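What follows is a single structure, written as structure tokens, with notes after it.
What follows draws every value from the coordinates through simple rules; no lab data is involved. Since we're looking at a predicted model, the values are computed, not measured. Neighbour counts run over all protein chains shown; Cβ positions are idealised from the backbone, glycine included.
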Amino acid sequence: MTYTDQLTAARTTPRPKVLISGAGIAGPVLAFWLNRYGYAVTMVEKAGAPRSGGYPVDVRGTALEVVRRMGILPRLREAHVDLRRLTFLEGDGREVTSLHPHSVTGGVEGRDLEVRRGDLADALHTTVRDDLEFVFNDSIDTLDQSGHGVDVTFRGGGRRTFDLVFGADGMHSRTRDMVFGPEEQFHHYLGYCFAVFTMRNTLGLSHESVMWNSPGRAAALYAVGDDEVHAFLNFAQPRLPFDAFKDPQAQRDLVATAFADSGWEVPGMLAALRDADDVFFDAVSQIRMPRWSHGRVALVGDAAWAPSFLTGQGTSLALVGAYMLAGSLAGRDHAAGFAAYEHSTRDFVTMNQALVGNGSATLFPTTPQALAERNDRLRAIDAVPSGEGRPAHSALTLPDFTG
Ligand SMILES: Cc1cc2nc3c(=O)[nH]c(=O)nc-3n(C[C@H](O)[C@H](O)[C@H](O)COP(=O)(O)OP(=O)(O)OC[C@H]3O[C@@H](n4cnc5c(N)ncnc54)[C@H](O)[C@@H]3O)c2cc1C
């Protein structure tokens, strides 16, 4: 075939049609690369627009190379929060110690990024919005793989057939429920729940985070440098409160009960929580699955392997995993592509999920003795971070894929 024949064939061969559920972090990255590799992408998002909000997120190690290859690294560098200090407080409000945040998170000064989740979501959406079909305010109702493609019906009433469908719809993925079965099989609860929301920066904090602890409870204020602070309330909760997940008032009540009679700024935080309109509440859990694909459907990001915020790697894994999934499908059929995706990405995910035993995971002890020991450990940490980062963050070298 001559070069001209190839061009003609490329123009006349229909592009495979794929549907991505979820326009969070993994979804737009997957869309960006699949579009490059010749797929016609539709993205369905249950919210009315890309969702902002949430605590600032880390982009580290291998994930930095993904955003660089997408051309958004300079924009994210500008949005870097540049947190300079992390102060820990005792239950009575006295200071335990004040550290550089990287001493605790394993981040690398001058290289790793911390950005508001909304800034990242916005940068990703802007990069892909002209190249795909977005359907907001809708979601998949049913999936049927018994024909030649995947027949999809939408909650909004539509019905279409796609060559492939991807679940990038977060830890409580409905795509996973429909194709792999109920979440309980894959959900490993780590014993805490948390709520994040924004409130006024009444303490005048700037580029710093202050965390108050009592056994089983942590309250933090995280100032990115403007009039608002990100409030974070994390608490031990022996059983997973399933009923609260769909009920915002039940979530507020659960948090208020867990933090009743707390000191420091907590009463003001609870008052702000009552009125906040951007509350993100979830369990601290991991999703662990033996396989990430079934037939013509594959999962990516939190839907496939949520590592929990205790690892600080949820966003970086979503970025890398989406890049690897799309690249694995470049020039391959879906069966070979999905096998290559598992083969190339699973070790990286497993290593990062295992970080749950390190760093911030030990920040939330549930007994007075364990909290006192944690405080002693924090006091002994070097004020200057090592500057090397954790090996797991960079354990995958990003391949170049060609479509
Ligand atoms: C608003 C928001 C705030 C967050 N804040 C925090 C935080 O403070 N701390 C933390 O640890 N993690 C937070 N997360 C989760 C964090 O973003 C992810 O761990 C990580 O970035 C992995 O990204 P993801 O794309 O796999 O999943 P997510 O970022 O969770 O994105 C999933 C997307 O799928 C959409 N979706 C869900 N169900 C459906 C459905 N049935 N049909 C269509 N679309 C659907 C969601 O609206 C969302 O846009 C937040 C997520 C969201 C959506």
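Exposure proxy for W264, W305, W292: other Cβ atoms within 10 Å of each Cβ, ordered fewest to most, give W264, W292, W305. For T97, the residues whose amide H sits under 5 Å from its own are F88, ignoring neighbours fewer than 5 places away on the same chain, with H placed 1.01 Å from N. Residues whose amide H comes within less than 5 Å of that of T198, counting only those at least five positions distant or on another chain, are A231, D278 (H built at 1.01 Å from N in the peptide plane). Listed from fewest to most Cβ neighbours within 10 Å, the set I381, I287 follows the order I381, I287. Each part reduced to its alpha carbon centroid, the stretch 260-310 and the stretch 210-240 end up 13 Å apart.
Only DSSP H runs of four or more residues enter the estimate; each adds -39500 (n - 2.57), and after division by the residues of the chain the mean residue ellipticity at 222 nm equals -9500 deg cm²/dmol. Taking a Cβ cut-off of under 14 Å around P215, the surrounding Lys, Arg, Asp and Glu residues balance to a net charge of -2, with basic ones at +1 and acidic ones at -1. By the beta-carbon count within 10 Å of each Cβ, the least crowded to most crowded order of T367, T198, fewest first, is T367, T198.
Dipole magnitude for the chain: about 780 debye, using +1 per Lys or Arg Cβ and -1 per Asp or Glu Cβ, origin at the Cα centre. Please return the longest stretch of the chain lacking exposed loop sites, where trypsin sites (Lys or Arg not before Pro) count only if DSSP places them in a loop and at most 14 other Cβ atoms lie within 10 Å. Answer from the scan: 292-403. Output the 0 to 90 degree angle, nearest 10, between the alpha-carbon long axis of helix 334-353 and the longest principal axis computed from the alpha carbons of the chain. Orientation of helix 334-353: about 10 degrees from the principal axis.
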